[in-house]
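A short write-up of the structure that comes next.
The values are calculated or read from the model by the stated rules, or taken from the named source; none is laboratory data. Only a predicted model underlies this, so the values are computations on that prediction, with no experimental measurement involved. Cβ placement follows ideal geometry from the backbone for every residue including glycine, while neighbour counts extend to all protein chains displayed. For accessibility, only protein heavy atoms count, side chains too; no ligands or nucleic acids. Shrake-Rupley method; radii C 1.70, N 1.55, O 1.52, S 1.80 Å.
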Amino acid sequence: MVGKQVTDVPEHVFKIYWPMHLCSPMSESGYLVGWNLGLGGIVVASKASYASADQISAYLSDFYRDFAATEHRRLGMQVDGPVLPPRIVGYLSREGEGLCEPD
């Protein structure tokens, strides 16, 4: 039997859209906040430090609820489908630091 080269394996590409303000030297660790684009990648908007994951998630839920109820309509935003809520998309830690949850 002769070996067969596999040529029909899909190439997976995952993109992370990263904001310029997070390219400077990192002084503290934190949760990455943004949008999950599904299988294609994520968009990172900011890093939230000095809060727990529960606190950040609650704040983002409140923000999105208020935004969807008022600003989205007031600004007359036209979108193709629902606006995705922001969420925690990851955690960025300094080398050797690990997960640092506040008390």
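Structure above, values below:
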read-out	value
Filter result (open to solvent by 60 Å² or more (accessible area, probe 1.4 Å) and modelled with pLDDT under 65) within region 48-95	71, 73, 74, 75, 77, 78, 79, 80, 82
Tally of residues being more than 9 Å from the chain's Cα centre (by Cα) and either surrounded by 10 or more Cβ atoms within 10 Å (Cβ to Cβ) or modelled with pLDDT of 85 or more (or both) across region 1-16	1
Selection count, region 46-70, where residues are in a strand (DSSP E or B) and under 13 Å from residue 29 (Cβ atoms)	2
Selection from region 19-42 of residues that are of a type in the set (A, V, I, L, M) and part of a strand (DSSP E or B)	32, 33, 42
Residue pairs meeting the criteria (Cβ under 7 Å; at least 6 apart or on separate chains; first in contact (Cβ under 8 Å) with a residue 24 or more places away in the chain, in region 20-38; second among the hydroxyl-bearing types (Ser, Thr, Tyr))	28/49; 29/49; 29/93; 30/49; 31/91; 32/91; 33/46
